[in-house]
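One structure follows; several queries about it will come next.
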Amino acid sequence: MEKERIEEMLELLWTLRESGRDALDLVIRKSSDENPNEVLEALEKDGLISIEKGKVSLAPGAERRAREIVRRYRLAETLLAQVLELEDREVMDTACKFEHVLSPKVTESICTFLGHPPVCPHGKPIPRGPCCLRAETQMKPLVSRLTDMDVGAEVSIVFIAPVQHQTLDRLGGFGVVPGSILRLHQKKPSFVVQIGETTVALDEEIAREIYVKNV
């Protein structure tokens, strides 16, 4: 069976499970494959999944493989959307192709280049890789924390990874959202940024959760 059909199904099973959904009938409905039952039967025959009482679960080997596929897709999304600034449809179509061809080495290079983003542009977690655990990076990250920028820097917000979800709502009220352009005016005693005509003071803890790139 074609590699892409197998990988697309493993990715679907992983993403559905993220929201606590593992029903077989739902998997079949959500699949874009012309014959999802055929793919599921092949996966079960190879010991990659188990189907019991109308629910589908990933075997350990498939778990690792699905994790890598999702990681490649979400890193590709981040690169295409936040760095190359492509349109949503093109991002989705291209990321779907990238997830099947990126080698482990290229995947780690992209992750390092982006600064090891914790989430994709849609706020979904990007599975961590070996490069995320290393203290030293092989490339200078294109994306950095706001706290690492120099005073006077003009930057674009790439993504925000708050510890508390309420932080997103609070920042959004000030216009601090992905895609916004801001200028860093000071770093002590608090971080002061300007977005358009609005000046906002941020605690260092919150500033560390904002990831930016130079414009």
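The values are calculated or read from the model by the stated rules, or taken from the named source; none is laboratory data. Values in this document were obtained by computation on a predicted structure and should not be read as measured data. Glycine gets a Cβ as well: all are built from the backbone with ideal geometry, and neighbour counts include every protein chain shown.
Working only within region 186-206, note down all residues that are loosely packed, with under 15 Cβ neighbours inside 10 Å and within 20 Å of D148 (Cβ to Cβ).
Kept after step one, since they are loosely packed, with under 15 Cβ neighbours inside 10 Å, are these residues of region 186-206: 186, 188-190, 194, 196-199, 201, 203-205.
If the condition is that a residue be loosely packed, with under 15 Cβ neighbours inside 10 Å and within 20 Å of D148 (Cβ to Cβ), then Q186, K188, P189, S190, Q194, A201, D203, E204, E205 are the ones that fit.
A further question follows. Enumerate the helices (runs of 4 or more DSSP H) found wholly within region 107-215, keeping only those where 1 or more residues are charged (D, E, K, R) and over 19 Å from E77 (Cβ atoms).
So the answer is 166-173, 204-207.
Something else: Go through E38, E68, E85 for me and flag whichever is surrounded by fewer than 15 Cβ atoms within 10 Å (Cβ to Cβ) and either closer than 21 Å to E2 by Cβ or at pLDDT 90 or above (or both).
E38
Would you point out which residue out of R17, R74, R89 is within 23 Å of C131 (Cβ to Cβ) and assigned to a helix (DSSP H, G or I)?
R74
Going through L114, L80, L26, L102 one at a time, which residue ends up being without any contact (Cβ under 8 Å) to a residue 24 or more places away in the chain, closer than 22 Å to K213 by Cβ and outside the structural domain of E209 (by TED's automatic domain parsing)?
Criteria check complete, one pass: L80.
Right, next: Among P36, P60, which is more than 25 Å from the chain's Cα centre (by Cα) and free of Cβ contacts under 8 Å to residues at least 60 places away in the same chain?
P36
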